[in-house]
Each structure stands twice: as structure tokens, then as C-alpha cells.
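To keep things clear, I will list the structure first and then write my remarks on it.
The values are calculated or read from the model by the stated rules, or taken from the named source; none is laboratory data. Given the structure is predicted, the values throughout are model-derived calculations rather than measurements. Positions of Cβ are generated from backbone atoms using ideal geometry, with glycine treated the same way; all protein chains shown enter the neighbour counts. These area figures cover heavy atoms from the full protein model, side chains too; ligands, DNA and RNA do not enter into them. Shrake-Rupley method; radii C 1.70, N 1.55, O 1.52, S 1.80 Å.
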There are 4 protein chains.
Amino acid sequence: MEGAEFHGMAILLCENLLNLQPGTRLPPLGAVDSKVTMPTKKELLKTPIRHIDIAKYNVVPLVDAMASMAYTSRDTARAASIYEMMLRDHDCGVILCLAGSLISAGLQKLFVDLIRNNMVDAIVSTGANIVDQDFFEALGFRHYVAGDEYKYGNGDGELRELMIDRIYDTFIDEEELRICDETTEKIFNSLEPRPYSSREIIREMGAYLDREGRTPAGGNADSIIFAAYEKGVPIFCPAFSDCSAGFGFVAHQHARRGKPMVSIDSAKDFYELTQLKIANPTTGLLMIGGGVPKNFAQDIVVAAEILGVDAPMHKYAIQVTVADSRDGALSGSTLKEASSWGKVDTTYEQMVYAEATLALPLIAGYALHKGAAEGRSGKNWTETLARVAEPVSA
Amino acid sequence: MEGAEFHGMAILLCENLLNLQPGTRLPPLGAVDSKVTMPTKKELLKTPIRHIDIAKYNVVPLVDAMASMAYTSRDTARAASIYEMMLRDHDCGVILCLAGSLISAGLQKLFVDLIRNNMVDAIVSTGANIVDQDFFEALGFRHYVAGDEYKYGNGDGELRELMIDRIYDTFIDEEELRICDETTEKIFNSLEPRPYSSREIIREMGAYLDREGRTPAGGNADSIIFAAYEKGVPIFCPAFSDCSAGFGFVAHQHARRGKPMVSIDSAKDFYELTQLKIANPTTGLLMIGGGVPKNFAQDIVVAAEILGVDAPMHKYAIQVTVADSRDGALSGSTLKEASSWGKVDTTYEQMVYAEATLALPLIAGYALHKGAAEGRSGKNWTETLARVAEPVSA
Amino acid sequence: MEGAEFHGMAILLCENLLNLQPGTRLPPLGAVDSKVTMPTKKELLKTPIRHIDIAKYNVVPLVDAMASMAYTSRDTARAASIYEMMLRDHDCGVILCLAGSLISAGLQKLFVDLIRNNMVDAIVSTGANIVDQDFFEALGFRHYVAGDEYKYGNGDGELRELMIDRIYDTFIDEEELRICDETTEKIFNSLEPRPYSSREIIREMGAYLDREGRTPAGGNADSIIFAAYEKGVPIFCPAFSDCSAGFGFVAHQHARRGKPMVSIDSAKDFYELTQLKIANPTTGLLMIGGGVPKNFAQDIVVAAEILGVDAPMHKYAIQVTVADSRDGALSGSTLKEASSWGKVDTTYEQMVYAEATLALPLIAGYALHKGAAEGRSGKNWTETLARVAEPVSA
Amino acid sequence: MEGAEFHGMAILLCENLLNLQPGTRLPPLGAVDSKVTMPTKKELLKTPIRHIDIAKYNVVPLVDAMASMAYTSRDTARAASIYEMMLRDHDCGVILCLAGSLISAGLQKLFVDLIRNNMVDAIVSTGANIVDQDFFEALGFRHYVAGDEYKYGNGDGELRELMIDRIYDTFIDEEELRICDETTEKIFNSLEPRPYSSREIIREMGAYLDREGRTPAGGNADSIIFAAYEKGVPIFCPAFSDCSAGFGFVAHQHARRGKPMVSIDSAKDFYELTQLKIANPTTGLLMIGGGVPKNFAQDIVVAAEILGVDAPMHKYAIQVTVADSRDGALSGSTLKEASSWGKVDTTYEQMVYAEATLALPLIAGYALHKGAAEGRSGKNWTETLARVAEPVSA
């Protein structure tokens, strides 16, 4: 590689490295030495993602002002207002749906705060958010800020060699992720062999964190899994094999082949969430992204009907997404479309076409600072489930 | 409702109705009577979606020309060329991933043709494509063209009352969909109670179609499930409860509560697909949309490693999607990003940012008309699985 | 129109009407009478858009927290920080580029505040923002909140009959817009017939507002045109005929046909802005949307070179847009791409893929509340132009 | 730069280089030498973009099949059918609007074919398409295929040093572009000093090509400017200074400062196009992208009204775009929205949300192969203008 021709690239790489600390003033270009070495793994994993603490920022006046503007600002304000409304409607059970890489992006504490403040009664999520990201951080690991220059795939080969995984502008240490995989296997190995709903397994993961002291009381950070465990908020991952836990399952089932083993029954997830809808007919959805969680949570209205119960449509619904509706895929389909399926009522629904890290601190922060959940108690649906969903097994 | 004020809307509605036959010349506006009644269900469900038959259109010269253009046309041409390449590489097992509402959009026959012509060896899909749409059509039901004016939610209330479900610009008769739900329940009821992979269940659905004569030999249309059943192409739906089959499961498990029942083990899906990767290390992905199927199929490289096998990354990868990469969600994440995770090799990968109904007839049609799979035999991975994946059960 | 069949739609329309007051609690559905009449023009134009006052919301702590998150939040924080940096670099002239319907969306006061606080030295804009929207409001007219249900085109026929124009979720009284058109004609009629840059004409519009007392001193609202007039901030609309002023020009030139007339020389715009770049070589771009303003402002680097002056690339650049880069169009093209053209330096550049009403209050509010422009004086480029750009005429 | 650490990148760069010839089979990775040098300018500018020849591909059966599918395929088919309809309506004048970088992307010949086959009567375009790209190619220069790896900004620094400009995945030799700039100056210098519409200037550019033999008769490629010159199709660039011609104007006006000079009157453009609307009231729009051309062409309906003529709305309208409607900007706003402004009739309108290089060969190819313009003569609006638009001058 001839040095001279790569002068420009050398500067680019070097700058990227410096950029890892956001806000740092860069030295003038002339001061940059043209000889660079690729950053080390330690250098690349230096600046952790820090989770936003919505309690610190009173966004109520800002969001109220946005209600009189247009486009996404007004949609965001209307969504915030609908979230407030569903929390003040004490009959309403609030189901939070999570798709996309949200925890790695700095939203973990936001969701923990919703749980701790009785602002959510059940969670339906992709496995990645709950296991690869939330449980992962609960085990003491972190996500890291990646420089802007890695966003578009420049450097992925080197990252691969360093065992660094990339999520757009964020890095993960794959060696740590392997420990997370293995921990899930350890938990599965400790369970009585039978089919489980993901909800049951995730509850066991909460118990594990409790036992291991991976809790605020143990001097560690709080997590969605642990907060939900304490507050009786069931967490469902209907595609539970499609995450770090999947690797644990593969290892577990491989080791147990020919013998009784733990299996993961996603039909039971659906049955349980439907029972909750039947036990608590008034419901609202706060959906971040689309995918399986959105579809799954919407479908319980129809599932209740299948069981002979005439459950009302979801009374409130909010979706924050960047997805497009034009390909007909569910992720970006409007909530009006869901109403044609009899799943979502159209009176209090709002699509917010925005990226969640920008819009959600405003929506959730608004409801928190308006005290929308004051006087509201958590519904402890874990307890409800123990009552309504009889154990099912093969 | 005062007639005069609604003159404009009356015309609008009437026009929409007329529009249901694409290409129809509209009468001059003056000829439209201002008194209209809402279309009936029969009128709304009049023009069925017709599945494109790629064998009829030799797109090779067109796609070759696009290779020398820019933007999406060139990406499409490059994707077509990579698909051709993976088919000519006879070691390579081809995994087709399906997310979004593709079958309802007129792509059923295209996928059937890929199966029948040995152009795909396994399928990973959302449940909706396979059950709500492909199995649904196999039962003799159809999807219908919805007028442009319904696209944005105008009329969803009326559709709800008529029990018509909408997918963007397409209608489904919900009463027929309920029959589909019930048929899945019937099939589950007939099975020995134990945990199943979705792959095993979908195979049973193929056997059901065979028994019932819902096959080309029986004078009916071909289907993905039946073609895959005949050709030994395993179909995985890792989030299998998240579709019409979910309703069948809920009904089944409710009826069997306290007794042995069928459960659906998505961990087994993951285990099986991983075994296929181990048995056939060279693999290529043809992904339509993102979601669970994309993640699931990519993850088997890592899962093989967990089982102690050093499996190579997917050698070829194509994704057709309208998703955005900027929210960090997996659906729109680039294949370069996947390479940082050690899942996809970057030598022969191509993202095509386009809606699938437009791009896929060009990509799949190109490979078909180039005869890329001539001399290629199907891998019959159903048989391979019988050999490599020992029965696992609780 | 048969009442029964339209019950659903009647409710929908009625709800929409009620929705015009954001945040209003809706009556229970049962209470809605099925007989409705279409809203009147007065009812539709009831709730004015209110411009956000960024001085009221100290977003600094929130934005600082976003710097440690991912995706759009981090991009927004980095953009805010680059804007702060360019204001603290007192050599740097700040050029604000405006495309999209921003003033109608509630951002007028924000831009006025940037001008009044010496945070912008020149503006390049689409004509609509400056004439149809800012000048329009300066004349005493307002934009109005449109209910969510109008967003997707339901009701456009009725709006047409009522002479209400729609911008997505915002209404304009077309009769008022016609007065705006006519006022521009009046101004053009009063000018000496010769070719003008748009900058010269817009300055005359500022003088008109001054004369007519359409100013804060006259008890009226402030405007971009007037604030820029007072602060010596030149405003360029390179496609000046493509807006309300275009209608004024057509009327003016039609009346003057065969006689000397005012013409609008966009080449002169380009010449003037290039002279400013030469007179003040260090520059930064704050771009909202893409289109002509983005291209035009970037091109002056090359234009200076054409005039034999080796002007540096724009040192700082921020773009806030929802545009996609995948169609190769300039609006969504990255700032890195602009660097290949020698237009924008890549050291301090940031794309923010977000809708402006959500992101801009954070970016501009951040710089304002950090006091980034304290100690910075406005550059009064109107005065500079009088010195450097000799009058050019046919 | 330490060789070992950059092994991965060396392979990446090398592969990119090889990729410049689409479809080339890559050597096995092991065969790649780890020592690479940056490609030279000559190597980077090796594979020219080739313009698609729609006459060669009969897409009629394919497009007809798409009419019975969903999403973008059906929208594309409906757009093709509306284009056919407007050509068969011989009263209708067809206005083609061009925004985005279309000519550089391989669509030049397609637009030339529309002109030569009497399928378009006027063009409204961004300057870049007409001058930087079409005129540029008419002068004998080419655009070049850029490897996929340059798409996201990796390498822009080196490109800058080599004087290669990038448009997403396409390269331009900036030295050739400078010759294009200078040629425009030469033409302006040769004109009588007065205000011109862009239409008049572009016609002079056609005459220049004719004189210089840069024509098919002269053994060179055909061009939009020349074909339009011959067929009497006026071309308007309402933001004419915002392109390569702008550089010519800056140089011209700088040299002539203080003396009579050529100026560019965009108001005259608007006046002329409005006169065409008045002379030929039935009109249809075929819009590629949004921006100024879309707004400008839509606005002539209102401008005619300003001149006291009650011109009908555009009877047909098609827009092909990837823009989003959610930010309220005109580029992505629906044609239904335009109908609220009284600009576009809603009976025969179609938005196609797709990238133009993929959709336009289908839409334009469909109309061509259906023989939609057989029996249609070109309207020679250049001649009409000579009759209806009296010379206007300062």
C-alpha cells in the first residue's frame, strides 16, 4: 500500500477515531500525522452508550407547543397526549411493544422508568431488546458509541476480526455477547424440562438476576427484566428463539437430544396474552417499531373472539416508526388499517413517523412529567396470569 | 346528512367503485348520479389479485441493460446476477426469506415456481405469508384488488362492518380467513400432542392439502406449502403463533387445557435450520423484507459455531426491502453490517431498496430465463433433516 | 345517500371535526348523532398554527444527553454541537437554507429568532417559505391546523370548493393567498423596470412591510423578511418565480408586455452569493431540506473558483431532511458526497434524517440556550453586497 | 500504515476495483494480493453508464400482469395506463417534469425517445439534468459506473483529489464538467444582452449543438436538447442559475459588469408556460421527482386564472418519486393534495413511490410499445410560443 495515495484516507480514519468522543474539538488537519494504525478493540469500545433519564427533562411545555405546529411535531404531541389519556383511564391496561434495537440505543432506563412508575402493564418485544441488550447490560456489559464513519459499513471487515459487532452507529463486544448466550443456556439447563411460554422463561431470567445480585440493591444497574420481575409486568417475546436466547436453546437442546428438554411454546405466549385481554378488556398499545410485537399484540382481540369472548378493540394505540406503509408490510401499516381488521379503535390512535430515540423521550417524558400515572397502580398481570391461565403442557 | 354538501364525496366514492377494474375508462363526471350507496361486500370483493407468472416474461435483456444504469436499476441487476451465481454454484443451498405481505400481493406463483424449478432449498417466513395467505389461497380463497381510494384509511369503518380486512390496497374476506383459522385448529387437533417445530407442522399442512385434493392434481391451484411438501423444501416460521395458525393454537390449547396438547417449539426450528447449515455449509440468502426471517436465517452461522462447528458465513446474500437503515433496526440494516457479526460475507451481497412486487419479478425472472438452475437438483433438505436432526422432545 | 350505510363514515367525519382542537376529549361514540353536515370554511379555519418560541425551552440538558445515545438523537446532538461551533467561530458566515413548507408548520418565529440573535448571515430559500408563507403571515394572515383525517386526501374535493388549500395537515385560505399574490404585483409595479436579483426584490418587500407598519413596532408580528431587512441579512430565492411572487410577476409582465418591465435575474442571485463567499471565505451551512437552496449554496465554492478565487469549501455543514439518498437526487445526497465535488468539508458535517419540526427546535434551541452567538455580531452582508457586487444590468 | 492490520481493507478496496465491471466473476479471495494501490482516475472512469433503449424491450405483457398485483407494481401499471390514456387524448398537451439526477443514471435516451415519438410537448426540468448531464453528454462526455463501495462516502477524499465528482453510484470527470461550464459561457457571450427565459437560452444551446455537429447527423449521440430543438419542444429550467449554466452566467456577468449583459428571467419562463396552458387547455403531467419542476408546472393553472383565463386543472398526472409525504414538502406531497389547490384533477392521477430507473422504463416502455402515440403529432409548442408569447424585455 503506497503511503502517499492514502493520505486522505489516513486522515479520515484518524478523524474517526477522534470522533469517538462526541463533541471533541478536532485538531487542525495539518497536525494529523499521515501514519495511522487501525484502532485497537479497547480504543473502539471506549465510550459507552448512556441511557437517557427522562425524569431529568421536563419536556411538557415543549411538547405542548408542538401540538400547535404541523407534521411530526404535532403527531408527537398528539401521541404524548393519547399516552397520558390511557394512563388516566384506570381501567386501561397498557401494553408496550418493542421492535428495533432500542436498548442498545440508550432507551433502557426510559422503559425501566415506565415499569417502575406503573406506566406499563405488559411488554411484547423482539428477543434482541430483552435478551441481547437488556439482559446483556444487566450482566454488567455495555454498548458503545461507534464513530459516524462506521455507519455505512466502512471497516466492517476489521470489526469482524476484532470480534466487534455493529448496530448502525453502535458497537458490541461479541465476546461479551457470547457470555450472555451461555448464561441463557445455564438458566435453561436449570429448568424442569417442559414447554414454556417466553414469558415464563423471562421471569426465570429475572429471578436469576435477583439471585445473582444483578440488581439496584446489589449495587448494579436496574434492568427491564428485573423491574418487570419485581412489578409483575409480564414480558412476551413471541419469536424467542430469534435472539441470544436462541443460541442458549440450541446448545441446551443439542446437549439434551434424545432426553427431556426445555422447549419454548410461542402458542402459549399467545394464549396467555389473550387471557390477559379477556381479564382486562380495556387496553391501549404503545408501540415502538412494528414487526412481530405489533402484530402479536393487535391479534389478541381476534384471539379472544376465537375463544368466544367479545373483547373490545384496543381503545388507544400509538406507533412510533420510520417504516413505510407503501409495501403493504405490517410494520408500517397505519392504525386505521388495523381498524379494518377489528383490532384497533380509530378514536384515539396516532402514528408518529419518527425515529424512536428522538420521539420517545418526548412522548414518555411528557406523560411522566404530567404525572399521568399518579394514582394509577400497576396491574400486576403476572398475578392475574397465575389466576387465569391454567398451566398448559404437552 | 345533507345531500348537496356531499356531492364531491359521492363522486369520489363512485369513482372508487368503478376503479376496482383497473384500466377501465371512467364515464365523464357529469354522468355520475349524485345519489350513491356504499358498495356491497360482493362488489368490493370482485376483482381478485392474480399471481404473476414469471415464466411468461423474459426480462433478461431488460435486466442486463439495467446493469449499466444507476441506483435501483443497477442494484436490481446486480442482485439478479448474484442470484444466478448462487444457483450455478451447486454446492450452495439457497434459503429464501419472506417478510411483508407478499402472497396477497400476487407473488405466490413466483415462489411456487422457484420451488418447482429447484431454485430454493429452504424457506424462512413470517406466518402470515405461509398460513394466512398461501394456505388460505390453497383452501380456494382469494385476495382482492382494493381501489386506490381505500389505501389511506378512508372507509375502514365500513370495511369493518362488512368484515372485510384491508392490507394497504388489497381486501380479504374475514369470514374466509376464519375458516382458515379453523382449518389449522383441525389439523393441530389431529396431531400427537408434543412440541413441534413450525417446519413439522407446515409439513403436516402440506399433507392435509394432499389428502384433501387441494393440489394441481386435484384441479386446484398450486401453493407454496404443497410444492414445498412435494419437493422436500422445509418451511420455517419462527414466530409461528403470530399468524392465522396462532388462532388455531389458541383454540386447540384452550380445548386441551390440563391435558396433553400440541405446542410449537421455535427453539427446535432454530436447531433444525442450524443442522442444515452444518450439513450443507455453503449457503446463500434471498431475502424479501427483513424482520424475524432475516435475523433468524443469518443467525444460524453463529448457532453452528455454538455447536462447535466452524461454519462459513453465508456466501451470497440479497435483500429486497423498502426499510430504512437509519433507525438501527435489523430489517433495514445493510448486509455489510451483518458481516461485522460474521454472518454474511461481503463479496457477493446486494441490498435492493425497492418494493418487492416491482423488483422481484425482475430478479427471479432473470435467473429463471437465464436457466441458472438447469442442471441443479433440489437438495431435498426435508430428507437431510430426517437424517441429521434427531427427534427432540420434552 | 342512504343514512344507515354511512353511519360509520358520519362518525368519522364528526370526530374529525371535533379533532380540530388538539387535545380535546371526545364524547363517547354513542353520543354522536349520525346526521352531520360538512364543516364550514369558518369551522375548518379555526385553530391557527402557532410558531414555536425556542427561547422558552431550554433543551440543552436534553440534547446533551442525546449525544450519548444512538441513531437520530445522537445525530441531532452532533448537529446542534456543530451549529454551536460555527457560531463561536467568528470568522464564519452562516448561511441558512430552507426547503419544504417550514413557515406554515410553525417555524417562522424560530428563524426570526436566529436572525435577531445574529445566528444567521444569509438565507437561501424556496420562494414558498419566504413569500407564500412568511410574507403572507406578515400581511396578517395565518395558517391553520387541519385534522388528522385530512392528511391523506380525504376531503380534498370539498376543500377545493371551499377555496381551502391543504399542505399535508395544514390549511390555508386561498382567498387570502390571492391577496398575497396581488400585493407582490403591487410591489413589482412600483419598481424601476430592470432585471433584479431575488435578493433585491425581497429587500423591497421588507421595505414595503416597514412602510405599511406590518412590523413589531406597528403592533404586528415579526417576520423573516422584516427581521432580515433590519439586520442586513440578504435572502435569496433562486427559483423566485416558483411561488406566490411568480403570480405577481406574471400579472406584472402581462400588463407591461411590449413595455419596459421588472425581470428577475437568478444569475445575479448566484453572482451576489458568490461575491459574499469571496468576501467572507469561512462559511457554514445550516440546511433544512434539500432542493435548489442546498445545491445553490453549495455551488458558490465552485463559482468562486470560476471567478479565479480559490475559496475554501464550506467549513461546517448540517442538513436536516427526511429525503432518501438512494435515488441519487441532490436533496438526500450525503454531505460526504458533496465533498467529492469540493463543496463541503467533511470534518464538521452532519446529516440528520428527521422531520424538521421535531429536530430543529432541539438544534436551534441548543445553540441559543448555550449562548453560542453571544459576542458574535451580525455580519450585515447587505452592506457587504453594496460594496462588493457592482450593479449589473442588461 | 501497518500492512497487517489493513489486510481486510486491502481486499475490500481491491474487490471494489474489480467490481467496476458489473457481472464480473471475482477471483477467490485467497488469490488477492494484499498490496494494493488506489485506482487511478483512468481506472475509475472506465465503465460508462449506458442509456436504456426502451424500444428494445416490450414490457407490455409484464406491466399488464402487474395491474392485477398490489403495491408499487399495480401503481406502476396504473401510471403506465394513464400515460397511455393522455397520449390517446389528442387534445392533451403532455408536460414532462424532471428532477433528480436522471440523465446521469442512464435515462437520456428514454427521454429522447419520448420527444422523437411525439410523446411529450414541453419539459420542465432542474438545470442539472439539462445542462450538467444532457448537454454535457451532447458535448461528447460520459458518466461512469462507480463501484458499490463508493456509494456511502468511502473514498470521497481521494475522489476529490482526482477531480472526480460523485453522484451516489456514478462518477463524473470534473475537468470535463468545467469544459461544459465554459461552453455555456461561450454561448451566453454570443447572445444579444437582454433578459431571456431559460427556454430561449436552451433553444440557443440546441442551435449550438446543431452548428457544431454534435448531432446524430454529425455522427454523435442524440440529446434531449437537440431532439427538443428539432421537434419544437420547449424546455424550461425555472432555477436555471442552479446548474452548470450558473457558472457560465457568473463568468459572463462578471466579465460584463457595468456593461449590458445577458440575464435570465425566470418570471418569463412562468409567463411562457402559462401562455401554453392558455393556448392548449387540456394538459397532462408526467413528473419524475418533485422539486421546482413539479411545483412550477402545477402552478400554471393558477397563473392562467391570474391572467383572467379559467383554465382547467391538469387532467392527467403521474408522479414517480421516492420522496416522503410526511414532512409536508411539495416533492412528496400527493396529487390529491394538489387537487385541494385546484391544480390537478383527481380522476386520472397516480403516485408511484419507486426509484425512477426501475419504474420509468416500465411506464414509458408500456406507452411506447402500446403505440399510444401513433397518430398523435407533436404540438410544436415552440411555434405556438412564437405566436402567443409576445417578446417581453426590460
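What is the distance in Å between the Cα centres of segment B:88-113 and segment A:279-318?
After rounding, the separation between the Cα centres reads 31 Å.
Bin all alpha-carbon pair distances of segment B:132-224 at 10 Å intervals from 0 and give each bin's fraction as a whole percent.
Final binned percentages: 15, 38, 28, 17, 2.
Nearest 20 debye, what's the magnitude of the dipole of chain B about its Cα centre given +1 on Lys and Arg Cβ and -1 on Asp and Glu Cβ?
Taking the Cα centre of chain B as origin, the dipole is about 720 debye.
For peptide C:284-292, how many partner chain Cβ atoms fall within 10 Å of a residue's Cβ, on average? Provide the component values of the computation, followed by the final result.
Numbers: counts 0, 0, 0, 0, 1, 3, 4, 11, 10.
Counting Cβ atoms of other protein chains within 10 Å of each residue's Cβ and averaging gives 3.
Tell me, Kirkwood radius of the protein assembly as shown from alpha-carbon pair distances, in Å? Show your work: numbers first, answer last.
Details: mean 1/r = 0.0301 Å⁻¹.
Computed over the protein assembly as shown, the radius equals 33.2 Å.
Students often get this wrong: which residues of segment D:284-328 have the backbone nitrogen under 16 Å from the point 7 angstrom along Cα-to-C-beta of residue C:257?
D:303-311
Across peptide A:164-171, what mean number of C-beta atoms from other chains lies inside 10 Å of a residue's C-beta?
Numbers: counts 2, 6, 9, 9, 11, 7, 5, 1.
Average neighbour count from other chains, rounded to a whole number: 6.
Sequence-distant or interchain residues sharing an amide H contact under 5 Å with residue D:344, placed H: which?
D:314, D:339
Ranking request for peptides A:169-180, D:278-289: highest mean number of other beta-carbon atoms within 10 Å first, then the rest in descending order.
Details: A:169-180: 19.8, D:278-289: 22.4.
My ranking of the peptides, most packed first, is D:278-289, A:169-180.
Suppose every K and R has +1 on its Cβ and every D and E has -1 on its Cβ; what is the size of the dipole of segment B:169-298 about the Cα centre, in Debye to the nearest 20? Mind dumping the intermediate values first?
On the way: 14 positive and 19 negative charges, 132 e Å.
In total the dipole reaches around 640 debye.
Going by the alpha-carbon gyration tensor, a ≥ b ≥ c the square roots of its eigenvalues, is segment C:58-175 rounded (a/c under 1.5) or, if a/c is not under 1.5, prolate (a/b greater than b/c) versus oblate? Numbers along the way, then the final one.
Numbers: a/c = 3.08, a/b = 1.67, b/c = 1.84.
Because a/c hits 1.5 or more and a/b fails to exceed b/c, segment C:58-175 counts as oblate.
Each residue of segment C:231-237 in order: what ³J(HN,Hα) in whole Hz does its phi give by Karplus 6.51 cos²θ - 1.76 cosθ + 1.60, θ = phi - 60°, with x for Gly and Pro?
8, x, 9, x, 10, 10, 10
Work out from phi, with θ = phi - 60° and the Karplus expression 6.51 cos²θ - 1.76 cosθ + 1.60, the ³J(HN,Hα) of each residue of segment A:149-163, listed in order in whole Hz, and give x for Gly and Pro.
6, 8, 3, 9, x, 6, x, 4, x, 5, 4, 4, 5, 8, 6
Could you compute how much accessible area chains B and D hide from each other, both sides summed, with a 1.4 Å probe? Nearest 100 Å² is fine. Can you show the working numbers first?
Values: alone 17980 and 18090 Å², together 31280 Å².
That pair of chains buries around 4800 Å² in total.
What Kirkwood hydrodynamic radius, in Å, does segment C:334-378 give when the mean of 1/r is taken over all pairs of distinct Cα atoms and then inverted?
Details: mean 1/r = 0.0788 Å⁻¹.
Computed over Cα pairs of segment C:334-378, the Kirkwood hydrodynamic radius comes out at 12.7 Å.
Which residues does the label zone of residue B:388 cover in segment A:239-281, counting backbone N under 19 Å from a point 7 Å along Cα→Cβ?
Of the residues in segment A:239-281, A:247-258 have backbone N under 19 Å from the label point off residue B:388.
Counting only protein heavy atoms and using a 1.4 Å probe, what share of the accessible area of segment C:115-166 belongs to carbon plus sulfur, as a whole percent? Don't skip to the answer; put the middle values down first.
Numbers: 530 of 1100 Å².
Roughly 48 percent, rounded to a whole number.
Output the relative contact order of chain D, whole-number percent, from Cα pairs under 8 angstrom with separation of 6+ residues.
Values: 712 pairs, mean separation 91.5, N = 394.
RCO, chain D: 23 percent.
What order do A:90, B:252 take when sorted by accessible area (1.4 Å probe), most exposed first?
Values: A:90 85, B:252 0 Å².
If we order A:90, B:252 from most to least accessible, we get A:90, B:252.
Need one word for segment D:175-310: rounded, prolate or oblate. Basis is the Cα gyration tensor (sqrt eigenvalues a ≥ b ≥ c); a/c below 1.5 gives rounded, then a/b vs b/c decides.
It comes out oblate by the Cα gyration axes.
What order do you get for B:212-218, B:71-77, A:350-356, B:335-341 when each peptide is scored by the mean count of other beta carbon atoms within 10 Å, highest first? Could the numbers behind the result be given before it?
Values: B:212-218: 14.3, B:71-77: 28.1, A:350-356: 26.6, B:335-341: 25.0.
Order by mean packing, descending: B:71-77, A:350-356, B:335-341, B:212-218.
Quick one: which residues, 5+ away or cross-chain, put their amide H under 5 Å from the amide H of residue A:215? H built at 1.01 Å from N.
A:220
Calculate the spin-label point distance for residue D:90 paired with residue C:88, positioning each point 7 Å from the Cα along the beta-carbon direction, and give it in nanometres.
Reported label-point gap for residue C:88 and residue D:90 is 7.2 nm.
If I model a spin label at residue C:40 and residue B:41 as a point 7 Å from the Cα along the Cα→Cβ vector, what separation in nanometres do I get?
According to this spin-label approximation, the distance is 4.2 nm.
Can you give me the solvent accessible area of residue C:186 with a 1.4 Å probe, rounded to the nearest 10 Å²?
Counting only protein heavy atoms, the figure is 120 Å².
Quick one: which residues, 5+ away or cross-chain, put their amide H under 5 Å from the amide H of residue D:350? H built at 1.01 Å from N.
When sequence neighbours closer than 5 places are left aside, the close amide H contacts are D:317, D:318, D:319.
Against the longest principal axis of chain A, how steep is helix A:291-306, in degrees 0 to 90 to the nearest 10, with axes from Cα atoms?
With both axes taken from Cα atoms, the answer is about 10 degrees.
Rounded to a whole number, what is D in µm²/s for chain A from Stokes-Einstein with the Kirkwood radius over alpha-carbon pairs (37 °C, 0.692 mPa s)? Mind showing how you got there, number by number?
On the way: Rh = 22.4 Å.
Estimated via Stokes-Einstein, D reaches 147 µm²/s.
Spin-label point model (7 Å from Cα, Cβ direction): what's the residue A:191 to residue B:377 distance in nm?
4.2 nm
From the residues A:97, A:264, A:274, which one has its Cα farthest along the dipole of chain A in the positive direction, the dipole being from +1 and -1 charges on Cβ of Lys/Arg and Asp/Glu about the Cα centre?
So the residue we want is A:274.
Averaged across B:231-240, how many Cβ atoms of other chains sit within 10 Å of each residue's Cβ atom? Intermediate values should be presented prior to the final figure.
On the way: counts 0, 0, 0, 0, 0, 0, 2, 8, 14, 5.
Mean partner shielding for this stretch: 3.
Would you list the P(r) distribution for segment B:254-394, with all Cα-Cα distances sorted into 5 Å bins from 0 and each bin expressed as a whole %?
Cα pair-distance distribution for segment B:254-394, in percent: 2, 9, 15, 17, 18, 15, 12, 6, 4, 2, 0, 0.
Going Cα to Cα from residue A:268, which lysines come in below 28 Å? Please leave out same-chain ones fewer than 8 positions away.
Hits, sequence-local ones excluded: A:186, A:231, A:259, A:277, A:294, A:315, A:343, A:379, B:186, B:259, B:268, B:294.
Using θ = phi - 60° and the Karplus form 6.51 cos²θ - 1.76 cosθ + 1.60, what ³J(HN,Hα) does each residue of segment A:135-147 get, whole Hz, x for Gly and Pro?
4, 3, 5, 4, 6, x, 8, 10, 9, 10, 5, 9, x
Taking the Cα centre of the protein assembly as shown as origin, sum charge times position over the Cβ atoms of Lys and Arg (+1) and Asp and Glu (-1), and report the length of that vector in debye to the nearest 20. Mind dumping the intermediate values first?
Values: 152 positive and 212 negative charges, 1 e Å.
Once rounded to the nearest 20, the dipole reads 0 debye.
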